[in-house]
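Notes for the one structure printed next.
The values are calculated or read from the model by the stated rules, or taken from the named source; none is laboratory data. If you're wondering where the values come from, they're calculated on a predicted model, not measured in any experiment. No Cβ is skipped: glycine too gets one built from the backbone with ideal geometry, and neighbour counts run over all protein chains shown. Heavy atoms of the whole protein, side chains included, go into the accessibility calculation; ligands, DNA and RNA do not. Shrake-Rupley method; radii C 1.70, N 1.55, O 1.52, S 1.80 Å.
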Amino acid sequence: MAEVPAGFWKRYAAWSLDAAILALPVWLLSAERIRTQARALLDSTVALSDQVAQRMVDMLMEGGDPVALAHRLTADSDVREAIRGVAAGTYALAATPVAWFAVFAAIYWIAFEGSAWQATPGKRALGLRAAGLDGESMSWPRTALRHAAGALSWLTLNLGHALAAWTPQKRALHDLIAGTRVLAKDGSMPGWAKLWLGLQIVAAIAACAWLYLTLLSAMQASVDNALLQ
């Protein structure tokens with residue numbers, strides 16, 4: 001059976017499988033720091049919530065139109081300092097696991113895609129392989145170039161990855177730079193892979209709902225405290 005260019009969602013399903021594999025050693029190396037920084041970030045978020053709630057109550061008591069209130073809120077030095085605290089906490093939480101993931105990912109993707117497999121375990125599970133434009137295996141330098149160029153696909157807010165959904169040969173930005181493409185044994189998506197993608201959607205919705213309810217609860221508590229003062 002002739003190979004076909006691998007579509008965006010099939011490529012994403014393979015990548016997410018590989019990312020799940022790498023998440024285990026990243027978590028083992030970063031778990032304690034993640035827990036510590038997560039608690040610090042939560043404290044910073046509560047502090048920001050308290051500052052915003054207190055200023056909003058004070059401003060509403062003084063009166064004024066909503067635009068003026070919003071302007072005064074964003075210009076408040078204490079609020080801006082609390083925002084910087086949340087930003088710093090977010091960076092501290094993400095920095096270590098992201099750094100470990102980047103190191104493991106470089107070794108993992110280059111080693112597997114430069115091997116006789118021409119594919120990571122995730123790609124193999126979906127019948128994909130990375131190759132040159134003529135379908136030949138990639139040299140180690142080209143494999144390394146392809147992986148390094150992947151940083152540009154991330155830095156373009158994933159627009160570089162999205163090119164795989166738009167271009168005729170389903171090539172992402174890093175494929176265009178390295179002169180490569182990803183081929184599939186067929187264009188269909190296995191049922192288990194559809195389920196895997198569905199579970200990710202459900203998990204993302206659940207995480208967003210939890211975050212929204214947590215922030216809403218913190219804001220409500222802050223407003224209640226501000227009104228009691």
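The separation of region 11-43 from region 105-147, counted between C-alpha centres, amounts to 24 Å. Largest GNM mean-square fluctuation among T180, T214, T96, using the chain with Cα springs under 10 Å: T214. Can you tally the net charge around P168? Count Lys and Arg as +1, Asp and Glu as -1, for every other residue whose Cβ sits under 14 Å from the Cβ of P168. My count for the surroundings of P168 gives +2.
Counted over all Cα-Cα pairs of the chain, pairs farther apart than 26 Å make up 53 percent. Rounded to the nearest 0.05, what FRET efficiency do V57 and A94 have when you use their Cβ-Cβ distance and R0 = 45 Å? Efficiency, rounded to the nearest 0.05: 0.90. Both radii come from the Cα set of region 120-229: Rg as radius of gyration, Rh as Kirkwood radius; their ratio Rg/Rh reads 1.23. Heavy-atom surface analysis with a 1.4 Å probe gives region 120-215 a carbon and sulfur content of 72 percent of its accessible area. Over region 1-56, what number does the Rg to Rh ratio reach, with both radii from the alpha-carbon atoms and Rh per Kirkwood? Checking Rg against Rh, the ratio lands at 1.35.
Top to bottom by accessible area (1.4 Å), largest first, where do K10, K185 land?
Result, largest first: K185, K10.
Excluding ligands, DNA and RNA, the accessible surface per residue across the chain is 59 Å² with a 1.4 Å probe.
So which helices of the chain fit the span-like rule, where a helix is a whole DSSP H run, its Cα atoms reach 18 Å or more along the axis, and its mean Kyte-Doolittle is at least 1.0? Those that pass (Cα extent of 18 Å or more, hydropathy at least 1.0) are 191-228.
Leaving ligands and nucleic acids out of the surface, order H174, H161 by accessible area at 1.4 Å, largest first.
The residues order as H161, H174, largest area first.
When the Cα convex hull of region 70-190 is projected onto planes of every orientation, the mean area is 10.7 nm².
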